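**Student:** Sharing a structure below in C-alpha cells format, with a few things to ask.
The values are calculated or read from the model by the stated rules, or taken from the named source; none is laboratory data. Remember, predicted model here, so these are calculated numbers, not experimental data. Reconstructed Cβ throughout: ideal geometry from the backbone, glycine too, with neighbour counts over all protein chains shown.
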Amino acid sequence: MHARTKETPSNPIYRGPLPHVSTIERVPVTVYDDSGDANRAIAREIAALIRTRSAKNQKTVLGLATGSTPVGIYDELIRLHTEEQLSFKHVITFNLDEYWPMEPDALQSYHRFMREHLFDHIDIPPENIHIPNGQLGRNDVTAACEAYEEKIREVGGIDLQLLGIGRTGHIGFNEPGSSLESRTRLITLDSVTRA
C-alpha cells in the first residue's frame with residue numbers, strides 16, 4: 001500500500017511554473033487554472049519554436065489536430081499573427097486525420113475546419129499545408145497513406161505535434177486497442193466517435 005504524502009509549505013507535492021507540475025508523473029504534466037491559460041501557454045511555446053527556427057532560416061513542421069481541443073490554441077496563434085506579427089511563412093503543417101470519403105468543403109471536413117479555424121487567418125503558404133485527401137478512390141487510399149508518411153520523412157519529421165483526446169480515448173482516430181505501431185491508414189471509427 002502506498003501512503004499519501006501530505007502537502008505542506010516546506011514539502012509541496014506539486015511544483016512548476018504554470019502553476020503545478022506533478023513530481024510523481026513520469027511524463028511532465030503541467031496543470032493550468034483554466035483552458036485559456038493552457039491555450040495561451042501552448043500557443044506561446046509554438047510561437048517561440050517558429051521564431052527560433054525562422055531566425056535560423058529553418059522550417060518548423062507542426063502536426064495539427066482538429067476537434068474542440070485545439071480551437072483555443074488556434075485562436076491564440078491567430079492573435080499572435082495579427083497583433084505580434086508571428087509569421088507562418090516558414091511553417092509546414094501535417095494534419096492527423098480526415099474523414100473518408102469526404103469533400104473538402106463539406107461541413108464535417110477537416111480541410112474546411114482547418115481553413116476556418118487557422119489557415120484562412122495566417123500567412124502560411126498553401127503548398128505548406130498537408131491534410132489527408134478524403135476524395136480518393138478506395139483503391140488509392142493505401143498508397144496515399146504511405147505517400148503522406150513519406151512527405152513527413154522528406155521534411156525531417158514533426159517538430160511539434162498537437163493532439164486531442166476524443167470521447168472514446170482516441171488520438172488521431174487511433175481508437176483504444178489500436179497497435180502502438182499503427183501507421184497512417186483507413187480505419188473504421190467507433191460509433192461514439194462517428195456520432
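**Student:** Of all residues in the stretch 32-76 being assigned to a loop (DSSP other than H, G, I, E, B) and of a type in the set (Ser, Thr, Tyr), which is surrounded by the most Cβ atoms within 10 Å (Cβ to Cβ)? Give the steps one after another, and end with the answer.
**Tutor:** Initially, the stretch 32-76 is screened for residues assigned to a loop (DSSP other than H, G, I, E, B), giving 32-34, 56-59, 65-70.
Remaining after also requiring of a type in the set (Ser, Thr, Tyr): 32, 66, 68-69.
On the way: Tyr32: 15, Thr66: 24, Ser68: 9, Thr69: 16.
The extreme case among them is Thr66.
**Student:** How many residues are closer than 22 Å to Trp100 by Cβ and touching a Phe, Trp or Tyr at 6+ places or on another chain (Cβ under 9 Å) when one looks only at the stretch 140-157?
**Tutor:** Counting residues in the stretch 140-157 that are closer than 22 Å to Trp100 by Cβ and touching a Phe, Trp or Tyr at 6+ places or on another chain (Cβ under 9 Å) gives 4.
**Student:** Six or more apart or on different chains, Cβ atoms under 9 Å: show the pairs whose first residue is in the stretch 86-102 and touching a residue at least 40 places away in the same chain (Cβ under 8 Å) and outside any loop (DSSP other than H, G, I, E, B) and whose second is polar (S, T, N, Q) and surrounded by fewer than 18 Cβ atoms within 10 Å (Cβ to Cβ).
**Tutor:** Sorted first by the residue in the stretch 86-102, then by its partner, the pairs are Val91/Ser54; Phe94/Gln161.
**Student:** Moving on. Out of the stretch 100-143, which residues are over 19 Å from His90 (Cα atoms), among the hydrophobic types (A, V, I, L, M, F, W, C) and surrounded by 13 or more Cβ atoms within 10 Å (Cβ to Cβ)?
**Tutor:** Scanning the stretch 100-143 gives Trp100, Met102, Ala106, Phe113, Leu136, Val141.
**Student:** Consider Gly134 carefully, then state whether it is in contact with an Asp or Glu (Cβ under 6 Å, 6 or more places away or on another chain) and under 27 Å from Ala38 (Cβ atoms).
**Tutor:** Working: in contact with an Asp or Glu (Cβ under 6 Å, 6 or more places away or on another chain): yes; under 27 Å from Ala38 (Cβ atoms): no.
No.
**Student:** Give just the number: which of (1) closer than 23 Å to Arg185 by Cα; (2) among the polar types (S, T, N, Q); (3) outside any loop (DSSP other than H, G, I, E, B) does Gln108 not satisfy?
**Tutor:** Gln108 satisfies every listed condition except (3).
**Student:** Among the residues of the stretch 145-195, count how many are modelled with pLDDT of 95 or more and either exposed (fewer than 13 other Cβ atoms within 10 Å of the Cβ) or not hydroxyl-bearing (Ser, Thr, Tyr) (or both). Spell out how you get there, then give the answer.
**Tutor:** Step one: of the stretch 145-195, the residues modelled with pLDDT of 95 or more are 146-162.
Adding the requirement that they be either exposed (fewer than 13 other Cβ atoms within 10 Å of the Cβ) or not hydroxyl-bearing (Ser, Thr, Tyr) (or both) leaves 146-147, 149-162.
Selection size over the stretch 145-195: 16.
**Student:** Condition first: surrounded by fewer than 21 Cβ atoms within 10 Å (Cβ to Cβ) and either modelled with pLDDT under 95 or acidic (Asp, Glu) (or both). Now tell me which residues in the stretch 77-96 satisfy that.
**Tutor:** Hits for the stretch 77-96 are Glu83, Glu84.
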